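Here the structure is laid out as structure tokens; the discussion comes afterwards.
The values are calculated or read from the model by the stated rules, or taken from the named source; none is laboratory data. Everything quoted here is computed from the prediction, not taken from an experiment. Please note: Cβ atoms are built from the backbone with ideal geometry, for glycine as well, and neighbour counts cover all protein chains shown.
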Amino acid sequence: MDIVVVNALINFINTLDPNHSTRGNGTPAVFWLTWKTGLTQLLTFRDPVVVNITTNNFRSDAIWSLNELIFKAALKQ
């Protein structure tokens, strides 16, 4: 696992802030935004050493379909 990923994980565990300095110079390698309802950004880890921010819209159609099924099943009861 890359040092950036390990540092972000350790920082999150210790401070609940993965943006705590991961380079030793006060600047995080990747800025991880604070989670908010409706925010569609994810911190994405890809092998071997790529860490970036991606948009969380790749599952929206599937989630919408599941919600429709749940709603329809609730109406039948």
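Output the residues belonging to the stretch 28-40 that are under 21 Å from ILE10 (Cα atoms) and surrounded by 10 or more Cβ atoms within 10 Å (Cβ to Cβ).
PRO28, ALA29, VAL30, PHE31, TRP32, LEU33, listed by residue number.
If you go through the stretch 58-76 one residue at a time, do you hit one that is in a loop (DSSP other than H, G, I, E, B), exposed (fewer than 13 other Cβ atoms within 10 Å of the Cβ) and either in contact with a Lys or Arg (Cβ under 9 Å, 6 or more places away or on another chain) or at pLDDT 80 or above (or both)?
yes
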